[in-house]
Each structure stands twice: as structure tokens, then as C-alpha cells.
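Here's the structure, in C-alpha cells; my notes come after.
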Amino acid sequence: MSMEKGQAQGRIEGLREQINYHNYRYYVLDAPVISDQEYDELFAELQRLEEQYPELLSPDSPTQRVGAPPREELGTVEHSLPMLSLHSINEEAELSNFHETVRRETGDQATYVGEPKYDGVAIELVYRDGVLEIASTRGDGVVGEDVTDNVRTIKAVPLRLIRAEGAPPLPSLLEVRGEVYLPIAAFSELNRRREEAGETLFANPRNAAAGSLRQLDANITAQRPLDIFCYGVGWVEGHTFASEWEILQSLPQWGLRVDQRCQICEDIEACIAYHRQMADARDELPYEIDGVVFKVNDLAMQAVLGERSRSPRWAVAYKFAARQAITRINEIFISVGRTGALTPVASLEPVQISGVTVSRASLHNRREIERKDIREGDTVVVQRAGDVIPQVVRVEIEKRDGTQKPFTMPGHCPVCGTEVLQQEGDPIVRCPNIDCPAQIQGRLEHFVSRNAMDIDGMGEKIVAQLLEEGLVRHLPDIYELEKEDLVALERMAEKSAQNLLDAIESSKQTTLARFIYSLGILQVGAHVAEVLATHFGRLQDLMAASEETLQSIHEIGPEIAHSVHTFFAAKSNRRIVEELLAHGISFEELQPTTGSLEGLSFVLTGAMERFPRQEATAEIQKRGGRVTSSVSKTTDYVVAGADPGSKLTRAQELGITVLSEDEFRKLLGYS
Ligand code: IVH
């Protein structure tokens, strides 16, 4: 059966409209009016027609959620209005203080909107003329990551807004903010499958959502049933709202999903009741929440209250008490980390806390054990701090029956037997033997970990086997591994061995910050490594820096400065660095900051003749500038190559300076 093109176009448009409407009924209203089968038939018909008339395809068609090609990296997006965070409180008294401030400063009795505080990933969706243009993560609040391809796979996110009957007209520009989350059931199922496949498990639904959203391949995201709740707006053109409540009422009428559990709270008593009600409902909800949010309803009042540096003064997040459980300490054992620290760890009778099985909790050090009087065999209250890291809160002393055994820290390292040391005033006991297998294992694990050299597939077990077989001992040994070495390992097939070798090879292309972090210098976490890399730009300069120079850097205190200096002063460490570099590890040298484009924001559009986009981006970043993918009021320059498209139009509308390729080259200092 074939149709004439004009007829097909009409049918295609009709089908798209129907499908969008049924998506809205299903995902937003949770009230479908047709069966799944009827829906599938409409969808299949649309797909058929679009296949037949590819020229009629349009990116906002409901069939176009999947199929974007994998990316090399996620681009960046500058938010037109910063995405703020929320001030957290834990007590009713703090809520009263908040309410007092609001009353004092607005001279009025405020009404609030109460919303669940979703534990997912904050997101911004930009709809221009009703079509989804960009989706980005919050990032540092100013610049986020471009996750458009991934967000398009989320069924509850409309690719094109609808206008329900009686709804206000669609704004010409609508920036919507909300939280992307993975429902708890989907999280459990995902982890179950990962366990079966021998993959690492996600610690909680939030991490799973974040990991899914930041995939470079949207086809993987498409397999994770992410969902969304919208809770606010950013920049809006062509519509004005008077209150938060009006926003929450309008969004669903345009096809955007809002939680039915949001409520108006007329006064502080209603807020307290709402907090209690949601805390009670928490365990029954199909998604994770960790508190409730109260927002002053009236937007004019919000404007009077304004913002602190990073959070609005018109909103507050009232957290729930941490979830706790009671269990027994079966044993206390010592774990030796990469720095030689001996950490006592409680091995617990496995217990469920908010859907996660907890079987271990760090007891930190001897002082902590003594302070809480923790003994082997004790019945204890455990909780997940920030609902993630398990900790022992207290002992149920009345449950003691005389069989409990006090714990004493060993005088020798349980791994290598070396006598341990404890510095005056330091609560931590350390194994001083830098050749202790536990330290070596820890250093290697750290080196290959995700934020360090990111050698995929080289987990704890493989590292342990490599150590045992004597194949690696020092970091550079990793780069001398050969296929025969790997194939000889237990449970290592030819294919996995090759994958591992490939991962090792590709880890050589890295960044200076990652490399610094991977060395495992005491006190140097990922952030400090980033600070050092941006400051020095070149590894040699960092290695040669005096303690004084290091200390003069913003965010680098005396302890970090001392640790970094001591590390590079040691000949053995310098040799390791040299060997690693000799194995071909390389990173682009960055210009130290104080670049000529410091603080400026660029958008690149169209094709440049002599500048591949990646190179142009690198040149800007080297000089301290930023490259984002969407044009906003805060963009400083738009660089337009051939066929620039809508970004150029937008720049002109906003009066932003547009540079030609030649002008851009001049700005960079080329002749
Ligand atoms: S409003 C007012 N509403 O909490 C500006 N945020 O600490 C702040 N969040 O990054 C956003 N549920 O990821 C808002 N109902 C809710 C929220 C919510 C969860 C998250 C969001 C944000 C963080 C702020």
C-alpha cells in the first residue's frame, strides 16, 4: 500500500500528534486512554511511513528518540541562569528560622510549595518554540554537560511540547528544570543483570542515573528506564509566571511531568505536616527521596529574598533523618590501604538499609572504637551517612551478654608483618613498609581507577592476580604486560586479555590532571590534581616547584604543599614518573592559567576551514576560555564558520559579538 506524498505528510503529522498526546496521557497524567497494542500500531505505522518518505523525517518525531551516534566526549552547555543548589536543614527549629527570615524580609505571611527532594540528577531542558533543543546537567551550576542525545531517550521527556485543552500558550523559549532519576525497581533490576554479567554494581539509584545519563553512547542510556520530575523553570520568554504553584500547574499542561505529591503549604504547621507525611511515605515511593523542599510560592517575594552565593534564600531542603538498621558485628578486621593506614573494619551480619545490603562499615581508627566502645559481637545501630557510606552509630549496650570481645589494634601489619608506627597526635596507625603487598595493591588499584588512568577491566581481582604472579609490582610494570602474561591468568580468555591490553594502551593518552591524581600523592585528590594541573600546565614545572610556590596557589594549603614537594623530592618517585613517561604516557601541555581569554565564553558554529572544531576548542581552553554548545546572554563570542545555522541567528538576536574564522585566528594571536 502506498500513498501520495502530500497525503503521507498529512498522515505523518496526524500520527505524531496522536502519539505525542498518548505519551502525555501515559507518562505525564499516568492515565492512558488507549491500549499498549493500539499505541504500538500507531507507532509502527509512523515508522513505516517515515521509512518510505525519509525526506519527511524530523528530529522531533516521536520515533527519533534513539539512534544518535556515540560521541567522543560530552560537550558543555552554559546555563542562561545559574542552576543553584539548596540550603539543607535537619531540624524543625531550623525550619522556623527560615520561616522567620522570610517573614521579616518580606513583611508578609508567606505561603510555601512543598515538594519531594528527589535523589537523582538535576537537569535543564531547553524548549525553543516547543521543540526540545538542549538538555544539560547542572555541572558546576554555571556550565553543565550536554546530554541531549541521552535525555531524548527518556520517554517522559517530550521531544515536542503539547498544549492541552485550556492550557496557556506555549512560551517561545522555555527552560525547564527537574530531576532525572532511575526508579528503585529499575535500579534493582539493572544491578541484578550487572551482577549476572560480572560487572560492577551501582551503589544507589542516583549513581546509576548519573552513570546512565553521562553515557557517550545514547543507545546504552536508552536501555535504562530513566524518568523525570520537573520542578521549576530557568529563563522563559513569551510567558510570565506569578508563583511556583502556577509553574507546577502549567508544566503538565505542556506535556512535562510533575509530581502529584507536590503541595501548597499555607503556613509553617502545614510544612511540618508535609515533611512528616513524606517521611512516612518514603519507603513506599517507587523512587528515592532524601527530604522535602519548601519554596516561597510568590515569585515577587522570591525576588525580594534573592540569593546567597550558591543557593536561593527563598527555598530550603529539609532532609529526612538517615535510615538506620540494627545488626550484629561478627568480627572486626584490619584493612591496609595504599598509604599504609591500618583501618579497623566491622564485618556485619548483612542487613538491608534503604534497599542496599550493608555488610561492612569502617570503624576509622582506635580512638573512634574506644569512644563508641565498640566490641566484636556487639549489637549495633548502623546507618548510611548521606545515605551512602555505612557507619556504626552506636552500640546497644543493654544487648551485651558477656560474650563480646574488646578490640585491640595489632602491633604488626596483618599483611606483611612489619611493626606498625603511630605518629604523636595522629589517630592513624600505619605500616611503614612501602613494599607491603597491601600498599602495592592499593597504589595499583588507585592508579588504574576511573578518575585516574581509567584502565577499564583492571579491577581489584585482576590486580591481585597480577601481583601474585609477580607480573606487576611498580606502576610502570603495567605498561610492560604482554598478552601471554594475561592469558596465563585464571579466568582470562584471549578476548578479555586483548581488551585489557587495548585499555592499557589507550590509557596512555590522558590529561595532566589525571596523571597527577593517579600517582596517589597523599592529600592530592582529583580536585587538587586539577588545580595543580591548571596552575602549572607542565609536569616538569610542578615537579620542580618549591613548597613555597605550591603554597601560594589558591586552594593549596601547607599540608598539601608539603606532601607534593616531599613526593617529588624522592628519587624513587621521580624515577617512576620518568618510566611512565618513557612508556608513552602523554598529555597535551596546557598553558598555565592567566591566559588571554580568561573567563570568556565561546560558542563555535559552522565549519572552519583551517581549524577542526576540537583544535579550536583546545586553543580557547589553553588560554583560559570556555567553549559551550548553546548561545545565551552570557556568551562572549560566537565564532561562525561556513553554514553557521541557528546559533548565528540567536547570537545576532542577543547582540553577541560574532567572529569570522580570520578574526578568531587573530584573537588567538596567529597572524
Ligand atoms: S529546586 C531553587 N526542587 O537538589 C534551586 N531541587 O541542592 C534549586 N532537587 O541540584 C533546585 N528535588 O538536583 C529543587 N524539588 C526539588 C528538588 C531539587 C531535588 C535537587 C536538585 C538540585 C539540588 C539542590
Taking protein heavy atoms only, a 1.4 Å probe, and rounding to whole percent, the accessible area of segment 523-669 owed to carbon and sulfur comes out at 50
Once both label points are put 7 Å beyond Cα along the C-beta direction, the Arg328-Ala273 separation in nm becomes 4.5
Point-to-point label distance, Glu588-Val393, nm (Cα→Cβ direction, 7 Å offset):
5.0
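Can you give me the Kirkwood hydrodynamic radius for segment 434-585, using every pair of distinct Cα atoms, in Å to one decimal?
On the way: mean 1/r = 0.0619 Å⁻¹.
Evaluated over segment 434-585, this radius sits at 16.1 Å.
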For segment 23-131, size of Cβ-based charge dipole, Lys and Arg +1, Asp and Glu -1, in debye
220
Would you please give the FRET efficiency between Asp60 and Leu501, computed as 1/(1 + (r/R0)^6) with r the Cβ-Cβ distance and R0 = 51 Å, to the nearest 0.05?
0.75
Across all directions of projection, what mean area in square nanometres is found for the Cα convex hull of the chain?
36.8
Expected field for Ser630, accessible surface area in Å² at 1.4 Å probe radius, rounded to 10, holds 20
Multiply the residue gap between Glu547 and Arg261 by 0.36 nm, knock off their C-alpha separation, and tell me the result in nm, one decimal place.
97.5 nm
For Leu348, distant residues with modelled amide H under 5 Å away
Asn330, Arg360, Ala361
Heavy-atom accessible area of Tyr26, protein chains in place, probe 1.4 angstrom, given in Å² to nearest 10, is 100
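How high is the relative contact order of the chain, in percent, with contacts defined as C-alpha pairs under 8 Å that are six or more residues apart?
Details: 1180 pairs, mean separation 66.7, N = 671.
Computed over the chain, the figure is 10 percent.
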Mind checking which of Pro390, Pro476, Ser449 is farthest towards the positive end of segment 373-488's charge dipole, using Cβ charges of +1 (Lys, Arg) and -1 (Asp, Glu) about the Cα centre?
Pro390
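Is there a quick way to get the dipole size of segment 75-136? I mean about its Cα centre, with the Cβ of Lys and Arg at +1 and of Asp and Glu at -1; what is the value in debye to the nearest 20? Please report the intermediate quantities before stating the final value.
Values: 4 positive and 12 negative charges, 19 e Å.
Here segment 75-136 has a charge dipole of around 100 debye.
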Would you list which lysines come within 25 Å of Lys571, measuring only between C-alpha atoms, while excluding same-chain residues fewer than 8 positions from it?
Lys508
Given R₀ = 60 Å, what would the calculated FRET efficiency be for His87 paired with Glu484, taking r from the Cβ atoms and rounding to 0.05?
0.55
To one decimal place, what Kirkwood hydrodynamic radius in Å is obtained for segment 363-433 from all pairs of distinct Cα atoms?
14.0
Taking only Cα atoms, what is the 0 to 90° angle, nearest 10, from helix 526-536's long axis to the longest principal axis of the chain?
90
Is the shape of segment 308-444 rounded, prolate or oblate, going by the alpha carbon gyration tensor and its root eigenvalues a ≥ b ≥ c, with a/c under 1.5 for rounded and a/b larger than b/c for prolate?
oblate
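Taking 0.36 nm per residue of separation and subtracting the Cα-Cα distance, what length does fully extending Lys405 through Arg491 add? Please report the intermediate quantities before stating the final value.
On the way: separation 86, 0.36 × 86 = 30.96 nm, distance 3.99 nm.
Length gained, Lys405 through Arg491: 27.0 nm.
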From the square roots a ≥ b ≥ c of the eigenvalues of the alpha-carbon gyration tensor of segment 153-293, which class results: rounded (a/c under 1.5), prolate (a/b over b/c), or oblate?
oblate
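Just to confirm, what accessible area per residue do you get for segment 1-88 at 1.4 Å probe, in whole Å²?
Accessible surface, normalised per residue, equals 60 Å².
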Sort segment 221-266 into rounded, prolate or oblate with this rule: let a ≥ b ≥ c be the square roots of the eigenvalues of the Cα gyration tensor; rounded if a/c is under 1.5, and if a/c is not under 1.5, prolate when a/b is larger than b/c, oblate otherwise.
oblate
For segment 363-478, give the magnitude of the charge dipole about the Cα centre (Cβ charges: +1 Lys/Arg, -1 Asp/Glu; no others), in debye to the nearest 20.
340
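DSSP beta bridges in the chain, what fraction antiparallel, as a percent rounded to 5?
Numbers: 75 of 88 bridges.
Rounded to the nearest five, the antiparallel share is 85 percent.
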Name the lysines eligible as straight-distance cross-link partners of Lys399: C-alpha to C-alpha under 19 Å, and not fewer than 8 places from it in the same chain.
Lys372
Across segment 109-117, in residue order, what do the Karplus-derived ³J(HN,Hα) couplings come to in whole Hz, using 6.51 cos²θ - 1.76 cosθ + 1.60 with θ = phi - 60° and x for Gly and Pro?
8, 7, 9, 10, 10, x, 9, x, 9
Farthest toward the dipole's positive end in the chain, which of Tyr39, Ala222, His562, given Cβ charges of +1 (Lys, Arg) and -1 (Asp, Glu) about the Cα centre?
His562
Angle in degrees between helix 5-23 and the longest Cα principal axis of the chain, rounded to the nearest 10:
50
Between Ala303 and Asp426, the two model label points (7 Å from Cα along the beta-carbon direction) sit apart by a distance in nm of 5.7
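What FRET efficiency comes out for Glu460 versus Arg367 if R0 is 22 angstrom and r is the Cβ-Cβ distance? Round to the nearest 0.05. Walk me through the numbers on the way to the answer.
Numbers: r = 28 Å, r/R0 = 1.29.
Efficiency, rounded to the nearest 0.05: 0.20.
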Once the piece of chain linking Met3 and His474 is laid out straight, how much longer is it, given 0.36 nm per residue of separation minus the C-alpha distance between them?
162.6 nm
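Given the -39500 (n - 2.57) contribution per DSSP H run of 4+ residues, what per-residue ellipticity at 222 nm results for the chain, rounded to the nearest 500 deg cm²/dmol? Let's see the in-between values first.
Numbers: 24 runs with 238 residues, N = 671.
Helices in the chain give a 222 nm mean residue ellipticity of -10500 deg cm²/dmol.
Return one whole number: the accessible area per residue of segment 312-471 in Å², for a 1.4 Å probe.
Values: 8220 Å² over 160 residues.
Spelled out: the 1.4 Å probe surface of segment 312-471, per residue, equals 51 Å².
Could you work out the relative contact order of segment 528-575? I mean the mean sequence separation of Cα pairs under 8 Å and 6+ apart, divided by the number of residues, in percent. Numbers along the way, then the final one.
On the way: 25 pairs, mean separation 14.4, N = 48.
Once normalised by length, the contact order is 30 percent.
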Hey, what angle do you get for helix 437-448 against the long axis of the chain, alpha-carbon based, 0 to 90 degrees rounded to 10?
20
Leading residue at positive end of dipole, the chain (Cβ point charges), from Leu305, Gln52, Cys431:
Cys431
Where only protein heavy atoms count, and the probe is 1.4 Å, what is the accessible area per residue for segment 567-671 in Å²?
54
Whole-percent carbon and sulfur contribution to the accessible surface of segment 22-136 (1.4 Å, no ligands, DNA or RNA) stands at 47
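Over segment 468-612, what relative contact order in percent results from Cα pairs under 8 Å that are six or more residues apart? Walk me through the numbers on the way to the answer.
Working: 115 pairs, mean separation 38.8, N = 145.
Value for segment 468-612: 27 percent.
Roughly speaking, to the nearest percent, how much of segment 338-485's 1.4 Å accessible area is carbon and sulfur? Kindly include the intermediate steps, with their values, before the conclusion.
On the way: 3630 of 7910 Å².
Heavy-atom surface of segment 338-485 belonging to carbon and sulfur, 1.4 Å probe: 46 percent.
The values are calculated or read from the model by the stated rules, or taken from the named source; none is laboratory data. From a predicted model like this one, the values you see are computed outputs, not experimental measurements. No Cβ is skipped: glycine too gets one built from the backbone with ideal geometry, and neighbour counts run over all protein chains shown. When the accessible area is computed, the model is the full protein with side chains, heavy atoms only, and any ligands, DNA or RNA have been set aside. Shrake-Rupley method; radii C 1.70, N 1.55, O 1.52, S 1.80 Å.
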